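These notes are about the structure you will find just below.
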Amino acid sequence: MKRFISIVIVVVILLTLNIYSIGAEAISQKAGLKARSHMEFLAEEIGPRVAGTENEAKAGEYIISTFKTLGYDVQIQPLKYSVKRNGEAEVISSANIIAVKPGISKQEIIVGAHYDSVDAGKGADDNASGVG
């Protein structure tokens, strides 16, 4: 009888681990698909997001909205900087987007990425994959 109970316990443990493994894989797959959908939106729907352009602002609005939907506190840190183009100084306006979601630990995890891109291509791997 003891041997039977031991076998039953082992089977239950193995089934539980298997179910957990399948659940974790499904969650990981879902997260991967969601990240890809964000990257595709940034690259396909918005396209190149050169700093200071309307498309960069659209990407910023999308990111802010997504963070808020996920329950993050969002802060926008406006910034301006100058670049020289054709010998002329041009002032670029942009913003850092800071999202914070307090947890129970005193440790912090910081993830950073830029959401602007160069004008060549769609900006899919000019950090849209990092933002997604």
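The values are calculated or read from the model by the stated rules, or taken from the named source; none is laboratory data. In this text the structure is predicted, and so the values were computed from the model without any measurement. Reconstructed Cβ throughout: ideal geometry from the backbone, glycine too, with neighbour counts over all protein chains shown.
Observations, loosely collected:
- The lone criterion from (1) closer than 26 Å to G32 by Cβ; (2) surrounded by 10 or more Cβ atoms within 10 Å (Cβ to Cβ) left unmet by A51 is number (1).
- Evaluation of A113 against (1) out of contact with any Pro (no Cβ under 8 Å at 6 or more places or on another chain); (2) of a type outside the set (D, E, K, R); (3) under 18 Å from S65 (Cβ atoms); (4) at pLDDT 85 or above (one fails), failing number: (4)
- Hey, I63 of a type in the set (A, V, I, L, M), surrounded by 12 or more Cβ atoms within 10 Å (Cβ to Cβ), modelled with pLDDT of 90 or more and under 14 Å from H38 (Cβ atoms) or not: yes
- Neighbours by Cβ (under 6 Å, 6+ apart or cross-chain): first from the range 80-108, at pLDDT 90 or above; second assigned to a loop (DSSP other than H, G, I, E, B) and not β-branched (V, I, T): I92/A51; I92/G52; S93/G52; S94/A51; S94/G52; A99/Y72
- Residue within the range 69-81 that is in contact with an Asp or Glu (Cβ under 8 Å, 6 or more places away or on another chain) and of a type outside the set (S, T, N, Q) present: no
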